[in-house]
Ligand code: PNS
């Protein structure tokens, strides 16, 4: 089983992430989307909610599985016998951090390769951080995230009071 781990915060998943996941699923027999439980980043959505949002939009593809992980990424990837880590590269600005992470992960576990995939150019300016800001300020996030995520963002930032009977 040629398995890759696609790790990230996914707070929340965007259409750019989904594009990378689909591309990875054409290369690997299984893509394990691994949601980092990293509470240092104070995520908007719990790991359980992030997983549920991703599962809903990847259900159509039998090569994709979703889980969470804690601790070192290379330890998790080793524990699931992954041969590669997948990361998306949107622009040159991503490169420095991604390069450092890839080399550090290789130092920690030389058997696991990092593969970079580039999402479609119309997704290159999307990030979870910017999408959250737009949603928080009441802007329209259609086209940046799947529908279930747009609903979850609206609910998180602008919860509607329950309707009276
Ligand atoms: O979506 P993000 O926030 O860019 O994902 C970053 C993530 C979660 C992949 C990275 O922070 C990570 O791998 N965290 C796990 C802890 C770890 O292994 N750190 C050393 C990486 S060099």
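The values are calculated or read from the model by the stated rules, or taken from the named source; none is laboratory data. It should be emphasised that the depicted structure is a prediction, and the values quoted were computed from it without experimental measurement. Positions of Cβ are generated from backbone atoms using ideal geometry, with glycine treated the same way; all protein chains shown enter the neighbour counts.
So here's what we get for this one:
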quantity	calculated
Condition check for residue 35: within 13 Å of the ligand (Cβ to nearest atom), touching a helix residue (DSSP H, G or I) at 6+ places or on another chain (Cβ under 7 Å), at pLDDT 95 or above and over 30 Å from residue 157 (Cα atoms)	no
Region 43-98, residues that are assigned to a helix (DSSP H, G or I), within 11 Å of the ligand (Cβ to nearest atom) and either modelled with pLDDT of 95 or more or surrounded by 20 or more Cβ atoms within 10 Å (Cβ to Cβ) (or both)	50, 73, 74, 75, 76, 77, 97, 98
Extreme residue, farthest from the chain's Cα centre (by Cα), among residues of region 20-32 that are within 15 Å of the ligand (Cβ to nearest atom) and in a helix (DSSP H, G or I)	24
Verdict on residue 132 being more than 19 Å from residue 15 (Cα to Cα), assigned to a helix (DSSP H, G or I) and either out of contact with any strand residue (DSSP E or B) (no Cβ under 8 Å at 6 or more places or on another chain) or more than 15 Å from the ligand (Cβ to nearest atom) (or both)	no
Output for region 99-120, where each listed residue is in a helix (DSSP H, G or I), closer than 22 Å to residue 71 by Cβ, within 19 Å of the chain's Cα centre (by Cα) and more than 9 Å from the ligand (Cβ to nearest atom)	none
Hits in region 16-32 (condition: touching a helix residue (DSSP H, G or I) at 6+ places or on another chain (Cβ under 8 Å) and surrounded by fewer than 20 Cβ atoms within 10 Å (Cβ to Cβ))	19
Condition broken by residue 146, with the remaining ones in (1) surrounded by fewer than 16 Cβ atoms within 10 Å (Cβ to Cβ); (2) at pLDDT 95 or above; (3) out of contact with any strand residue (DSSP E or B) (no Cβ under 9 Å at 6 or more places or on another chain) satisfied	(1)
Residue 152 vs. criteria part of a helix (DSSP H, G or I) and in contact with a helix residue (DSSP H, G or I) (Cβ under 7 Å, 6 or more places away or on another chain)	yes
